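Written out below as structure tokens is the structure these notes cover.
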Amino acid sequence: MGRHKKTLLAVVFVVEPALLGDSGKHLPEKQAMTSEEKTRGQLMDELPDLRQRLPDPGEKRAEGAELNAILNAMSDYVCIIDGSHNIKYVNAVITRELGPVDNLKCFEYFHGLPEECPWCKNREVFSGATVRQDRYSSRTGKTYDVINTPLRNKDGSIDKLVILRDISERKRAEDELKQLSDELTRSNADLQQFAYAASHDLQEPLRVIAGFIKRLEKRYKDRLDEKAHEFIDYAVDGVRRVQMLIRELLAYSQVETKGRRFMPTNCAEVLEQALFSLHSAIEESGAEVTYDILPSIMADASQLSRLFQNLIGNAIKFRGKDLPRIHIAAEHRDNEWVFSVRDNGIGIDPKYFDRIFVIFQRLHTREEYDGTGMGLSICKKIVDRHGGKFWVESEPGKGSTFYFSIPDRQ
Ligand code: ADP
């Protein structure tokens, strides 16, 4: 092998724990230098001299006193402990909060324990590993993110550098969030249970009631007067409405739990499906439905179809004196698609804009317009599940435009 023309020599200096006291100097951890013509041996001979002449590496470093000032201004705990649990250094925040060290061992000083803490990581750290842990301290009542790192001394011995950051606030927020999410999971399970009861247990007796009312009407048809027939109609209508409410509540409760995975979805096809389901309402009302070019998005196609059905169904139901004209459009804004369903119907007073999205809230009596007040709440839940927003712009007598956004995930 030929001789290298260039020799690269890496000189490594280690951080000395002593620099944290008032003695010692901070030496650069790593520096590299090159020499054009010198051999490795020559360079080794010149090393002490080279150290004197080393140029400023450009990096500004804190020296002992500065470093002390920095460490003492910090709110993190910084301490150095040796292999026999002796405390060699603590920064000011520690003594401020826990008092003087007074030659106490770390387990006595920090935890008031008579012997090594059961969670002590000395074995790992003194064999060279950095160990990180979250620890609650009964002395301070706080939780800390603790980093234990081996610190190699000049003489080859090892100390343990421990840095503790108070994360009590973050932990509290995390615990609160966890509690909230547990409550939500519980209440979702309750809702699921309710939905099951509503769909099976409640619908069955309703079917029995409806069946017997019909039999009553059939068998005693000739003996009942007009008033009795009217009452029977009310009863049948009541049952029909409760069934409708149960179906809608069930749909509402299942938006999250029974939702399908988001897949690439052709919105024009989904809209066509929705229009097909509404074809009799469209024909009866003479509605004219038009739409622009619609995009493909990541969505739950059956929920998107329900969304279009509810909005177009409402646009037909709440029509004005003119034939309903409904237009569906989509616009790309920032990172989302904003869809709109515009109609020329009766419109909505802006003071009711918030109310209409709440379950069972309606602005009309059943005599004026049939419905349960669940349609828009289901729409909102579907849009929420897709990570979008849902809103309306309208003026009484001038039609309404319902908007919903869906993040563009492609
Ligand atoms: P429902 O249609 O069963 O009443 P929704 O939740 O779908 O329930 O709508 C809530 C209310 O919002 C309706 O009762 C109606 O007053 C109003 N609304 C919804 N869509 C329209 C629309 N396109 N034009 C005018 N009013 C509307």
Residues in region 385-402: is at least one of a type in the set (D, E, K, R) and within 9 Å of the ligand (Cβ to nearest atom)?
no
Which count do you get for residues in region 399-410 that are at pLDDT 95 or above and not in a strand (DSSP E or B)?
1
Within the set of pairs 6 or more residues apart or between chains, which connect a residue that is more than 22 Å from Asn266 (Cβ to Cβ) inside region 384-410 to a residue that is near the ligand (Cβ under 9 Å from one of its atoms) and acidic (Asp, Glu) with Cβ atoms less than 8 Å apart?
Gly399/Asp343; Ser400/Asp343; Thr401/Asp343
Going by what's in this entry, would Glu269 be described as more than 16 Å from the ligand (Cβ to nearest atom) and among the charged types (D, E, K, R)?
yes
In region 314-327, residue nearest to the ligand (Cβ to nearest atom) [restricted to those that are in a helix (DSSP H, G or I) and open to solvent by less than 20 Å² (accessible area, probe 1.4 Å)]:
Ala315
Matching residues in region 97-130 (buried (at least 16 other Cβ atoms within 10 Å of the Cβ), aliphatic (A, V, I, L, M) and either under 37 Å from the mean Cα position of the chain (by Cα) or not in a loop (DSSP other than H, G, I, E, B) (or both)) number 2
For Ile346, indicate whether it is within 12 Å of Asn314 (Cα to Cα), within 9 Å of the ligand (Cβ to nearest atom) and open to solvent by 20 Å² or more (accessible area, probe 1.4 Å).
yes
Any idea which residue in region 349-384 is nearest to the ligand (Cβ to nearest atom), counting only those that are within 21 Å of Ala299 (Cβ to Cβ) and open to solvent by 70 Å² or more (accessible area, probe 1.4 Å)?
Lys380
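The values are calculated or read from the model by the stated rules, or taken from the named source; none is laboratory data. Given the structure is predicted, the values throughout are model-derived calculations rather than measurements. When we count neighbours, we look across all protein chains shown, and the Cβ atoms used for this are built from the backbone with ideal geometry, even at glycine. What goes into the accessible areas is simple: the full protein's heavy atoms, side chains included, and nothing from ligands, DNA or RNA. Shrake-Rupley method; radii C 1.70, N 1.55, O 1.52, S 1.80 Å.
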